[in-house]
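The structure under discussion appears below in the form of structure tokens.
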Amino acid sequence: MLKSILLVLFTGIALVLLLAAFRPDSFRVERSLAIQAPPEKIYPHLTDFKAWGRWSPWEKKEPNLKRTFAGAPAGVGSTYAWEGNEVGHGRMEIAEATPASNVRIKLDFVKPMEAHNIVDFTLRPEGGKTVVRWSMQGQQPYLGKLIGLFMDMDRMVGRDFEAGLEALKALSEA
């Protein structure tokens, strides 16, 4: 009986490990929202990390976050590092910025799990509105693949993107 239980347990663990190995090596999370404002009004909220406190969902999760701003005051070369209990420890740097069009951010997480991702914001005028697309992509190491079997990253991060876009919309339409 014990032998059968151990065999089933071992087979189950082996199957989970094997399934994780065949998951994609990269991930992408993306959400978009139409905002009733011109791109020129939205863009400064994305390129100035000090302005993120007014719309970023992670800033709201941990208001007492330790923050460090460096580099350019806004735009390319601007950096923002954070340390917190809820949102971990990491750093962002604006790598590319085309006025009122797109922003690319190099995002490095230190804790709770090291990761190096790219975040893109694109602003596309559409009639009297601007469609803002927020995406994050990166490599997914084996541990990330394993965790992904039990936690849906697209749903978890996507919810935060949706909340952030809604806050950005409220701020930009005011």
Check your understanding: Over the Cα atoms of the range 60-103, how large are the radius of gyration and the largest Cα-Cα distance (Dmax), in Å?
Key -> 12.2, 34
Point to revise | Cα-derived Rg over Rh, computed across the range 80-132 with Rh taken as Kirkwood radius | key: 1.13
**Study point:** ³J(HN,Hα) computed for each position of the range 57-66 - Karplus, 6.51 cos²θ - 1.76 cosθ + 1.60, integer Hz, glycine/proline x
**Key:** x, 6, 5, 6, 5, 9, x, 8, 4, 7
Review point. From the phi of every residue in the range 159-174, what ³J(HN,Hα) in whole Hz does the Karplus formula 6.51 cos²θ - 1.76 cosθ + 1.60 yield, where θ is phi - 60° and glycine or proline is x?
Key: 4, 5, 4, 4, 5, x, 5, 5, 5, 4, 4, 4, 5, 6, 8, 6
Review point. Which chymotrypsin sites (Phe, Trp or Tyr not before Pro) from the range 107-174 combine a DSSP loop assignment with at most 10 other Cβ atoms within 10 Å?
Key: F150
Exercise for review: Work through the residues other than N102 whose Cβ is under 10 Å from its Cβ and net out their charges, Lys, Arg +1 and Asp, Glu -1.
Suggested key: +1
**Study point:** Nonlocal amide H pairs with I35, under 5 Å, H built at 1.01 Å
**Key:** T130, V131, V132
Exercise for review: Rounded to whole Hz and in sequence order, give me ³J(HN,Hα) for the range 71-78 from the Karplus expression 6.51 cos²θ - 1.76 cosθ + 1.60, θ = phi - 60°, writing x for Gly and Pro.
Suggested key: x, 4, x, 7, x, 3, x, 6
Check your understanding: Which residues' amide hydrogens lie under 5 Å from the amide hydrogen of N102, considering only partners 5 or more residues apart or on another chain, with H built in the peptide plane?
Key -> L123
Review point. Can you give the net charge of the other residues whose Cβ lies under 12 Å from the Cβ of A163, counting K and R as +1 and D and E as -1?
Key: +1
Study note, to complete from the structure: Cα extents of the range 26-173 per principal axis, largest first, Å, are 44, 31, 26
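Read the figures in this text as sums done on the coordinates, not as results from a lab. If you're wondering where the values come from, they're calculated on a predicted model, not measured in any experiment. Methodologically, a virtual Cβ is constructed for each residue, glycine included, from the backbone with ideal geometry; neighbour enumeration extends over all protein chains shown.
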